[in-house]
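Since the structure comes first, as structure tokens, the remarks are kept for the end.
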Amino acid sequence: MNGVDLRGGPALTVVTGPPGVGRSYALRATAVAAARQGTPVLALRLAPEDRGEPWYLAGRILASLNPARPSGRAAEPPAAALAGLLRRRPGLILVLDDAQWADAESAEAIRDVLDDPAGSPILCVAAVRTGGPPVLRLRPGLRARVVPLRPRRADDAVALAARMLRATPHEDLAAALRRYGVGLPAAIDAVVTGYRDAGQLVVADGRAGLRDPAAVPLIPAGHQILRPVHRLDQTARAVARALAVLQPFGPAAPALIERALGLTADQVRRQLAAARTEGIVRCGSGGWTVTSPALALGLVAGHGPYERRRIAQVAVETLWADPSAVTDPHYLPDRLAEAGASVDPDRAVAQLRDVATAEAGRSPADAARWWAAAAELSGSAADHAEAALSEATAMLRRGLRDEADRVLEPLLTAYADDLTPAQRDEAVALLAGTAPDADAAGRYTGPGRERRRAAAALTGARGGDPVAAGLHPARLPLADRCLLDFRAGRWTAALDGAVLAEAAGKAGTGPSVARVAAEVLLAQGRPARARTVLDAAADQPLHLLAPALTDLHRALGDPQAAARTVRVALDRSAAGELWVLAAELAAEHGDPVTARAAREAPLPAYWAATVRMITDGDAAAADEAVQWARALGQPYELARTLERAVRWAGRNPVALAEAYEILGDLGALLHRSRLRRAARERGVSVAGRAETVAEGDRLLAVLVADGLSNKELAAATQNSEKSVEGRLSRLFARTGYRSRVELATAVLAGTFPTGAATVSAGPGR
């Protein structure tokens with residue numbers, strides 16, 4: 001946020017806006033900008049108690065501007081002294097933060113100076129909170145400019161967090177910033193600080209994300225967003241904390257606060273008014289609410305055990321009497337968990353069990369918490385075992401393998417006698433990272449069906465569809481979100497997720513995350529970086545990394561290494577994708593034995609059609625494969641299949657144009673280069689001359705920045721070494737760079753120009 005431009009404006013500028021919107025920041029920026037230009041500035045901040053002391057602000061101004069007043073001079077009335085001093089300081093900018101707390105006498109005297117018929121000698125910039133006391137009321141004829149600050153738009157709020165972190169927020173963090181920060185800079189800062197203090201924030205390679213997308217930020221008690229709360233008296237703070245929990249009840253919330261805290265209606269009304277004066281709460285058509293979710297989290301964190309339990313008790317009893325009073329399905333179980341034995345335990349346990357079972361697939365962290373509350377209320381050993389199993393599964397679904405093990409190990413040792421045989425088997429399967437097989441219809445049977453589905457999807461078979469397992473995408477662990485983003489064509493987010501998952505040290509992130517990162521890096525023209533990622537994952541199962549490793553070998557002109565990789569991987573797994581790669585390598589290098597083995601392998605329909613298309617040039621199989629690829633909804637897979645259909649089965653070459661556009665949307669510079677050559681050979685136009693040259697320059701620059709030799713550059717761009725040397729010479733001549741080092745430096749710094757575009761080979765770009 002920039003400061004306020006005062007040039008050519010009236011004597012008074014009033015910056016307004018709701019609490020946390022950044023008024024103070026705007027004033028500081030204004031003061032700093034003026035001081036840098038040599039303009040004298042006096043910046044003061046006021047507090048609520050200042051409003052009740054006549055001439056307090058005038059006294060501060062006088063003391064600041066004239067700390068050593070001459071002795072023996074007759075005392076002047078404060079208004080005259082202030083006016084005289086300010087007129088002797090022409091050009092001064094008076095900056096008043098929280099000016100709603102100015103005492104009336106000083107405010108009147110300042111207005112007299114600003115409204116001088118001969119012209120004001122000074123400028124005044126005052127920040128006034130929306131809804132605050134109207135002390136700086138403008139009199140008729142006094143010109144003023146009002147600058148309203150509004151909450152940031154979603155994208156602007158995320159950009160603000162990026163500046164705070166010096167890193168680009170991943171979608172999980174961005175979603176939390178939007179949910180809790182609601183566009184208010186102070187709230188956004190509180191969320192970032194809360195995640196950092198909770199150990200949830202992961203920052204790596206210019207990216208920032210959360211270890212656990214389901215985590216809630218822990219707003220520190222000393223954060224600036226809570227300063228107005230500390231200015232309230234004890235009763236007003238209690239009322240504000242109660243409202244933070246009870247605000248979903250809308251207009252009924254004040255009456256519930258009365259019951260929870262034992263106050264009268266008049267007391268609650270007065271304390272809410274005090275909290276509103278401080279900008280902590282507001283009253284609208286829907287009733288009283290806390291001004292931001294981040295502030296509400298900070299208020300709730302201040303509850304003591306009894307206070308929390310009593311407020312939850314009132315909420316539960318109200319909802320039992322009228323279930324429609326709150327629409328959020330998670331609100332009641334959360335309050336049941338907090339109320340404990342203060343409500344009917346049998347009814348509470350039954351409801352907690354029901355909602356935990358129903359939500360296990362969508363909200364595993366919540367389900368685990370509700371099961372734990374049910375277990376504590378019931379005192380049943382079976383319930384405790386069920387709660388522990390639910391908690392462990394919730395952790396597995398969020399990628400927290402170590403935390404899950406810490407729950408399961410004592411369950412199988414110290415509490416083994418409390419487990420039924422089915423629970424013991426399930427605990428062992430979860431601890432071992434395995435899961436019972438599904439029946440022929442794909443259903444899991446027996447106790448803990450949701451937990452079995454979770455374990456199957458997220459511990460034993462990372463290549464499965466995490467969303468199909470029932471978990472909402474926003475709550476996926478980083479590794480699964482990374483895979484989902486890659487398949488959906490959100491490659492920047494996928495690469496961000498891969499880097500953050502690795503930095504967070506998540507268990508089980510190896511093969512899928514390494515493959516995603518390598519595939520994206522290679523497609524972007526960074527094969528050396530892709531190789532580094534794959535080398536770091538060398539201890540992971542080869543058959544899971546083989547597709548990316550094979551593509552890398554082929555891109556760098558080493559078909560023998562590619563064939564060897566596929567051959568070794570097939571010894572360990574008969575995955576359909578590996579047979580497709582084997583068939584393609586066999587077709588390229590005349591290996592009928594491997595081609596026949598691929599054709600005869602028992603494969604799922606999509607892979608079988610793709611293999612027949614490659615080995616037999618089967619047009620019908622090509623059409624079938626393309627149809628399957630479209631149904632998958634995975635852009636990169638579709639682009640590759642379209643290319644294969646043209647290359648191996650002679651289908652309509654115009655399909656290359658569609659594949660080319662898809663690869664452009666993905667930012668796949670290297671693959672686009674290969675496709676341009678294939679399209680040119682078949683007489684298909686995919687880009688104009690200028691665009692082709694610009695993109696070729698971008699690719700060459702990124703490859704150079706990645707450290708490739710001329711031989712590797714030739715293989716990657718499907719040219720001869722001599723041709724590469726000529727292209728580099730022409731690139732240097734066009735751009736003015738004199739060496740590969742200068743070129744690489746410009747690319748890595750994001751300053752390499754090609755026409756209207758700029759290339760960056762930096763992290764996640």
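The values are calculated or read from the model by the stated rules, or taken from the named source; none is laboratory data. These numbers were taken from a predicted model, which means no experiment stands behind them. When we count neighbours, we look across all protein chains shown, and the Cβ atoms used for this are built from the backbone with ideal geometry, even at glycine. Areas reflect the complete protein model, heavy atoms only, side chains present, ligands, DNA and RNA absent. Shrake-Rupley method; radii C 1.70, N 1.55, O 1.52, S 1.80 Å.
Starting from the Cα of R738, step 7 Å along the direction of its Cβ; do the same at D205; then give the gap between the two resulting points in nm.
About 3.3 nm separates the two model spin labels.
What is the Cα convex hull volume of the stretch 569-639 when expressed per residue in Å³?
Dividing the Cα hull volume of the stretch 569-639 by its residues yields 90 Å³.
Counting only residues 5 or more places away or on other chains, whose amide H sits under 5 Å from the amide H of R207 once H atoms are built in the peptide plane?
Correct list: T168.
In whole percent, and with a 1.4 Å probe on the protein chains, what portion of the accessible area of the chain is carbon and sulfur? Could you put the intermediate results ahead of the total?
Working: 17430 of 33550 Å².
Roughly 52 percent of what the probe reaches on the chain is carbon or sulfur.
D for the stretch 184-293, whole µm²/s, Stokes-Einstein with Kirkwood Rh over alpha-carbon pairs at 25 °C and 0.890 mPa s: what number? Write down the numbers at each step before the final one.
Details: Rh = 15.3 Å.
Rounded, D is 160 µm²/s.
Applying 1/(1 + (r/R0)^6) with R0 = 45 Å to the Cβ-Cβ distance of D571 and D344, what FRET efficiency is obtained, to the nearest 0.05? If you can, show how the numbers build up before the last one.
Values: r = 62 Å, r/R0 = 1.37.
After rounding, the FRET efficiency stands at 0.15.
Would you calculate the separation in nanometres between label points at R630 and T532, each defined as 7 Å from the Cα along the Cα-to-beta-carbon direction?
About 4.1 nm separates the two model spin labels.
Please determine, in degrees from 0 to 90 and to the nearest 10, the orientation of helix 491-504 with respect to the longest principal axis defined by the Cα atoms of the chain, where the helix direction is its Cα long axis.
Between helix and principal axis, roughly 80 degrees.
Can you work out the FRET efficiency for the pair S709 and R87, with r the C-beta to C-beta distance and R0 = 56 Å, to the nearest 0.05?
0.15
Specify the angular offset, from 0 to 90 degrees and rounded to the nearest 10, of the alpha carbon long axis of helix 171-181 from the longest principal axis of the alpha carbons in the chain.
Rounded to the nearest ten degrees, it is 20.
Can you tell me how much longer the chain between D5 and D558 gets when fully stretched, taken as 0.36 nm per residue apart minus their C-alpha distance, in nm with one decimal?
Extending this stretch completely gives an extra 193.0 nm.
Which three numbers, in whole Å and largest first, are the semi-axes of the equivalent ellipsoid of the stretch 675-738 derived from its Cα gyration tensor as √(5λ)?
Details: eigenvalues 88, 43, 20 Å².
Ellipsoid half-lengths, sorted descending, are 21, 15, 10 Å.
Using θ = phi - 60° and the Karplus curve 6.51 cos²θ - 1.76 cosθ + 1.60, what whole-Hz ³J(HN,Hα) does each residue of the stretch 43-51 get, with Gly and Pro shown as x?
Running phi through 6.51 cos²θ - 1.76 cosθ + 1.60 with θ = phi - 60° gives 10, 10, 10, 10, 10, x, 5, 5, 5 Hz.
Given a Förster distance of 45 Å, report the FRET efficiency between D425 and E307 from their Cβ-Cβ distance, rounded to the nearest 0.05.
Numbers: r = 43 Å, r/R0 = 0.95.
Here the calculated transfer efficiency is 0.55.
Could you tell me whether the stretch 529-571 comes out rounded, prolate or oblate from its Cα gyration tensor? Rule is a ≥ b ≥ c as square roots of the eigenvalues, rounded for a/c under 1.5, then prolate if a/b exceeds b/c, otherwise oblate. The partial results should precede the final answer.
Working: a/c = 2.37, a/b = 1.05, b/c = 2.26.
Oblate is the answer for the stretch 529-571, as a/c is 1.5 or above yet b/c matches or exceeds a/b.
Could you report the stretch 476-599's accessible area per residue, 1.4 Å probe, as an integer in Å²?
Heavy-atom SASA per residue in the stretch 476-599 reads 35 Å².
Work out, step by step, the length gained on full extension between R231 and S685: first 0.36 nm times the residue separation, then minus their alpha carbon distance; give nm to one decimal. List each step's numbers first, then the result.
On the way: separation 454, 0.36 × 454 = 163.44 nm, distance 6.94 nm.
Stretched out fully, the R231 to S685 stretch lengthens by 156.5 nm.
Report the residues of the stretch 476-492 in range of a label on D665: point 7 Å along Cα→C-beta, backbone N strictly under 14 Å from it.
Counting only backbone N, you get 486-492.
Starting at the first residue of the stretch 298-310, write each ³J(HN,Hα) from the Karplus equation 6.51 cos²θ - 1.76 cosθ + 1.60 with θ = phi - 60°, in whole Hz, x for Gly and Pro.
Couplings: x, 5, 4, 4, x, 5, x, x, 5, 4, 4, 5, 5 Hz.
Quick one: grab the alpha carbon gyration tensor of the chain, order the square roots of its eigenvalues as a ≥ b ≥ c, and give me rounded if a/c is under 1.5, else prolate or oblate depending on whether a/b is larger than b/c.
Numbers: a/c = 3.10, a/b = 1.41, b/c = 2.20.
Here the chain falls in the oblate category.
Among H671, L57, L46, whose Cα sits farthest toward the positive end of the charge dipole of the chain (+1 at Cβ of Lys/Arg, -1 at Cβ of Asp/Glu, about the Cα centre)?
Farthest along the dipole direction, towards plus: L57.
Per residue of the stretch 187-202, what does 6.51 cos²θ - 1.76 cosθ + 1.60 with θ = phi - 60° give for ³J(HN,Hα)? Whole Hz please, x for Gly and Pro, Karplus curve as stated.
5, 5, 4, 5, 5, 4, 5, x, 5, 5, 5, 7, x, 9, 7, 10
If I model a spin label at A321 and A255 as a point 7 Å from the Cα along the Cα→Cβ vector, what separation in nanometres do I get?
About 0.8 nm, to one decimal.
Specify the angular offset, from 0 to 90 degrees and rounded to the nearest 10, of the alpha carbon long axis of helix 605-616 from the longest principal axis of the alpha carbons in the chain.
50 degrees
What full-extension length gain, to one decimal in nm, is calculated for R28 and S380 as 0.36 nm per residue of separation minus the Cα-Cα distance? Walk me through the intermediate numbers first.
On the way: separation 352, 0.36 × 352 = 126.72 nm, distance 5.92 nm.
Answer, rounded to one decimal: 120.8 nm.
Could you check what % of the DSSP bridge pairs in the chain are antiparallel, to the nearest 5? Display every interim value, and only then the final one.
Values: 11 of 33 bridges.
Here the share of antiparallel DSSP bridges comes out near 35 percent.
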